[in-house]
Amino acid sequence: MGSGAYGPSGVQGQSPWPYLNRRHAMLGGLNLLALAGCATAGQGYDAVPPLAPVRARADRIFDVTVCLRPFRAAGPRLDTEQIGDTLVVHNYGHGGSGWTLSWGSGTVAVRKAMAGSPRKVAVVGCGALGLTSAILAQRAGAQVTIYAREFLSQTRSVRATGTWSPDSRIALTSAMAPGFAALWEEMTRTSFKAYRSYLGLPGSPVEWNDRYILSDVSMEEAARNSPKDPLGFAHFDDRIRDISPDYEVVPQGASPFPTRYVRRSSSMMFNIADYGHTLVSDFFAAGGRFERREFFAPGELAGLPEKVVINCPGYGGRALWKDESIVPVRGQIAWLIPQPEVNYGLYYHDVSVLARRDGIVVQSLAGGEMQGYGDDHEVPDRREAEGAVAIVAELYARRWGFGRV
Ligand SMILES: Cc1cc2nc3c(=O)[nH]c(=O)nc-3n(C[C@H](O)[C@H](O)[C@H](O)COP(=O)(O)OP(=O)(O)OC[C@H]3O[C@@H](n4cnc5c(N)ncnc54)[C@H](O)[C@@H]3O)c2cc1C
């Protein structure tokens, strides 16, 4: 068995890659094509800090969860409609970007909801979008009640990876509305700033960490073999370069990883257990009310005492609003027992690993952005989970001599 950590490489320097795209996306649909186009040799890089290995073993999987991304080809629904004397502001359909965009999307929705300065506002839904909309409406001066079938801990939102991924399955280039790219940028920048106030808090609800992309073949070859994107998912990373750290090349042997090619960047991460708890506490501390309630038809919203409703049902909007523009995109996570000493993420052989405080997320991303598209099957697949963990185990066994599954 090798040592538990790997020391600094001793090589210092910076390696900005000015033409790198998809910086954020290694855990939510890595675009190797973009990476391949940007690699440069011979530049410096920051020293690799000590890295503890992930104890990747099937017997350390403590949960396997499945979630459905509520994808809409046109992008999230943010329009309003009148049902009787009730104004409904929609805020659903955020694909693989719901946590990331929540503050920005909520800001857009709350602006519309508060236009008539209502004293009371209802929010339908208690996932990422519902909670942030509710908190923003409170900050705008409203008394807020959340009505939802499930409280946060039972929602699909808690089963997410928990990484900054603003344009992961957010729209199709061919179907989005003309102004959507600018709206997306506004939402992304608003969220990015909002998350700053959750950094550095006890419990680390939100933090930054390093991400490593590992490959045995060159990025060019990996790009040639990467899955196709026949639908043309929209990506806007060029619009937010100024807030996205670059990837740098880490020379072979300068990191503990055994692969020939290593790239590194940094990204924001949401420790959803603690972050969710923080949001819920903030909501109640500001006088918020929660009422467990299931709605079966839009007309029922007009029966609520609040005459302004922000509608955040996520994938539930497909049934509630009969909105078939919402497509399920299934994703599964194998949860390994948390290791406080592991504080990075990696991507290797179509498997992503993200060491959160509340569990180490191991996820197969085979098939790229088309993985799980149109699949509403929410039963966990243990064999898939063990397969993903086995790939990670093989990686660590090559360097550290353990990791057997
Ligand atoms: C595997 C996976 C990984 C992901 N990783 C990330 C990530 O790293 N970063 C990121 O930004 N995004 C990620 N996402 C996407 C993100 O999880 C979603 O976009 C987000 O959770 C959607 O939140 P929501 O609040 O709209 O919906 P939900 O979390 O589904 O919440 C909906 C709420 O509405 C309520 N509701 C629904 N229907 C009704 C009804 N009829 N009556 C009453 N209440 C109702 C529910 O009870 C619930 O409270 C991931 C998704 C998946 C599947």
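The values are calculated or read from the model by the stated rules, or taken from the named source; none is laboratory data. What you are looking at is a predicted structure, and each value in this text was computed from that prediction instead of being measured. So basically every Cβ, Gly included, is an ideal-geometry build from the backbone, and we count neighbours across all protein chains shown.
Here are a few things to note about the model shown:
- Pair list, Cβ under 7 Å, 6 or more apart: the stretch 59-81 residue more than 10 Å from the ligand (Cβ to nearest atom), other residue charged (D, E, K, R): VAL64/ARG382; THR80/LYS112
- Any hit, the stretch 327-348, residues being surrounded by 16 or more Cβ atoms within 10 Å (Cβ to Cβ), among the hydrophobic types (A, V, I, L, M, F, W, C), more than 24 Å from ILE61 (Cβ to Cβ) and modelled with pLDDT of 95 or more: yes
- If you filter the stretch 293-309 down to residues that are more than 11 Å from the ligand (Cβ to nearest atom), surrounded by 16 or more Cβ atoms within 10 Å (Cβ to Cβ) and among the aliphatic types (A, V, I, L, M), you find that the one that is farthest from ALA148 (Cα to Cα) is VAL308.
- Among the numbered conditions (1) touching a strand residue (DSSP E or B) at 6+ places or on another chain (Cβ under 7 Å); (2) at pLDDT 95 or above; (3) surrounded by fewer than 17 Cβ atoms within 10 Å (Cβ to Cβ), the only one that SER218 does not meet is (2).
- Scoring LEU27 on the criteria (1) modelled with pLDDT of 95 or more; (2) surrounded by 20 or more Cβ atoms within 10 Å (Cβ to Cβ); (3) not acidic (Asp, Glu) leaves a single failure, condition (1).
- Residue check, ASP167 among the charged types (D, E, K, R) and assigned to a loop (DSSP other than H, G, I, E, B): yes
- Extreme residue, surrounded by the most Cβ atoms within 10 Å (Cβ to Cβ), among residues of the stretch 354-380 that are away from the ligand (no atom under 13 Å from the Cβ) and among the β-branched types (Val, Ile, Thr): ILE360
- Screening the stretch 36-58 for residues that are in contact with a helix residue (DSSP H, G or I) (Cβ under 6 Å, 6 or more places away or on another chain) and modelled with pLDDT under 50 and picking the one that is farthest from the ligand (Cβ to nearest atom) gives ALA39.
- Search result, residues across the stretch 274-292 that are touching an Asp or Glu at 6+ places or on another chain (Cβ under 9 Å) and surrounded by fewer than 17 Cβ atoms within 10 Å (Cβ to Cβ): ARG292
- Restricting GLN154, GLN138 to those that are surrounded by fewer than 18 Cβ atoms within 10 Å (Cβ to Cβ), out of contact with any Pro (no Cβ under 8 Å at 6 or more places or on another chain) and not hydrophobic (A, V, I, L, M, F, W, C) reduces the list to GLN154.
- Taking the conditions (1) at negative phi; (2) in contact (Cβ under 8 Å) with a residue 12 or more places away in the chain; (3) touching a strand residue (DSSP E or B) at 6+ places or on another chain (Cβ under 7 Å); (4) of a type outside the set (Ser, Thr, Tyr) in turn, GLY95 satisfies each one other than (1).
- Output for the stretch 118-134, where each listed residue is more than 7 Å from the ligand (Cβ to nearest atom), over 22 Å from GLY303 (Cβ atoms) and aliphatic (A, V, I, L, M): LEU131
- Residues located in the stretch 135-170, provided they are within 17 Å of VAL280 (Cα to Cα) and away from the ligand (no atom under 11 Å from the Cβ): ILE135, LEU136, ALA137, GLN138, ARG139, ALA142, GLN143, VAL144, THR145
- Residue match in the stretch 171-190 (condition: near the ligand (Cβ under 10 Å from one of its atoms) and either touching a Leu at 6+ places or on another chain (Cβ under 8 Å) or in contact (Cβ under 8 Å) with a residue 60 or more places away in the chain (or both)): no
- Applying the condition of being acidic (Asp, Glu) and under 21 Å from GLY368 (Cα atoms) to the stretch 233-273 and asking which residue is surrounded by the fewest Cβ atoms within 10 Å (Cβ to Cβ) yields ASP238.
- Being without any contact (Cβ under 8 Å) to a residue 40 or more places away in the chain, farther than 22 Å from ALA285 by Cα and more than 7 Å from the ligand (Cβ to nearest atom) is a property that holds for ALA115.
- Here THR107 passes the criteria (1) within 6 Å of the ligand (Cβ to nearest atom); (2) surrounded by fewer than 24 Cβ atoms within 10 Å (Cβ to Cβ); (3) among the hydroxyl-bearing types (Ser, Thr, Tyr) except the one numbered (1).
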